[in-house]
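Novice: Here's a structure for you.
No lab work stands behind these numbers, since they all come straight from the coordinates. From a predicted model like this one, the values you see are computed outputs, not experimental measurements. Ideal geometry is used to build each Cβ from the backbone, glycine not excepted, and the neighbour counts take in all protein chains shown.
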Amino acid sequence: MLLHSDPYRLFEDLFFQDQPLTPFVKKDDSYEASLEVPGFSKENLKIEIEDGYLKLKGEAEVGGKKKTVSKTYELPQKSDTKNLSATLKNGILGLSLPRKDNLRKLSIKIT
């Protein structure tokens, strides 16, 4: 059995793995996020919104190896999900979500 020498580090490893619970930062009239997805193109990424969560999934072959991404993030409560915009440039997925109340399921086109 492997024991962790630092119990706080174990807690961090379990609950704070590389990605925050929500990547969105509150701006004046929107929520903004930048997610690293190196090796992925807009054709092999999929974004869905359902029940107040943003789901990011994708598969790509990079250097002969299959790469996958599957992340789920809680959306800010007062956000306009119908008008979420997504851009992909140099391996960074940028998300912009206007502030408003509206939580429902949508598929989002990445530009």
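Novice: Apply the Karplus parameterisation 6.51 cos²θ - 1.76 cosθ + 1.60, with θ equal to phi minus 60°, to every residue of segment 66-76 and state each ³J(HN,Hα) to the nearest whole Hz, in sequence, with x for glycine and proline.
Specialist: Ordered by residue, 3J(HN,Hα) equals 7, 10, 10, 9, 8, 10, 10, 10, 6, 7, x Hz.
Novice: When the dipole is taken about the Cα centre of segment 20-108, and only Lys, Arg (+1) and Asp, Glu (-1) are charged at their Cβ, what size is it in debye, to the nearest 20?
Specialist: Roughly 120 debye, rounded to the nearest 20.
Novice: Assuming 0.36 nm per residue, please report the length gained on full extension of the stretch residue 77 to residue 25 beyond their Cα-Cα distance. Don't jump to the answer; show the numbers that get you there.
Specialist: Working: separation 52, 0.36 × 52 = 18.72 nm, distance 1.26 nm.
Between residue 77 and residue 25, full extension yields 17.5 nm more.
Novice: Once you put a point 7 Å from the Cα of residue 34 and another 7 Å from the Cα of residue 67, both along the Cβ direction, what distance in nm separates them?
Specialist: With each label placed 7 Å out from Cα toward Cβ, I get 1.8 nm.
Novice: Next question, about the same structure. Considering amide H positions built from the backbone, and no H for Pro or chain starts, which residues 5 or more places from residue 75, or on another chain, come under 5 Å of its amide H?
Specialist: Here the answer is 53, 54, since their amide H atoms fall under 5 Å of that of residue 75.
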